[in-house]
Amino acid sequence: MTRFADVAAGADLSDGGLKAVTLEGKELLLARVGDEYFAADDRCPHMGARLSGGTLEGTIVVCPRHGSRFDLRDGRVDRWTESSGPLLSIAKMVRPPRPLRTYPVQVREGRLMVDVEPDV
Ligand code: FES
């Protein structure tokens, strides 16, 4: 069952913008890339930093704490931390890479609607 809920006005987000909202107790990240809108958990899967404080590079959100990168289209990990070489291996052993949870977004009459319990 899908349950889209109103979270913000589309006009609240400029192109390339990020915004934090709360819906049903979930901290969500909203992002706009051109005419597309995305929703995901606002907490980084690495160590919980707020991704809404990060930056957006196309559809990739970059975590402000350690630089992990996630694709907002599907949540896949683009890069796990800024580490490389042996440090990256250790980082992956300590905290194995996990995707970012994303949610469907619809735009209805200029409002952004997010379903935080999408069918699997
Ligand atoms: S908390 Fe986001 S990369 Fe570490």
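Residues of the range 73-96 that are assigned to a loop (DSSP other than H, G, I, E, B), over 30 Å from D35 (Cα atoms) and within 12 Å of the ligand (Cβ to nearest atom): S83, R95.
Once the range 31-69 is narrowed to residues that are assigned to a loop (DSSP other than H, G, I, E, B), free of Cβ contacts under 8 Å to residues at least 24 places away in the same chain and more than 9 Å from the ligand (Cβ to nearest atom), the residue that is farthest from S83 (Cα to Cα) is D35. For the range 98-115, residues that are under 18 Å from C44 (Cβ atoms) and in contact with a helix residue (DSSP H, G or I) (Cβ under 9 Å, 6 or more places away or on another chain) total 1.
Laboratory data are not the source of any read-out in this text; all were calculated from the coordinates shown. Source: prediction; values computed, not measured. Quick reminder, even Gly has a Cβ in these numbers, built from the backbone with ideal geometry, and neighbours come from all protein chains shown.
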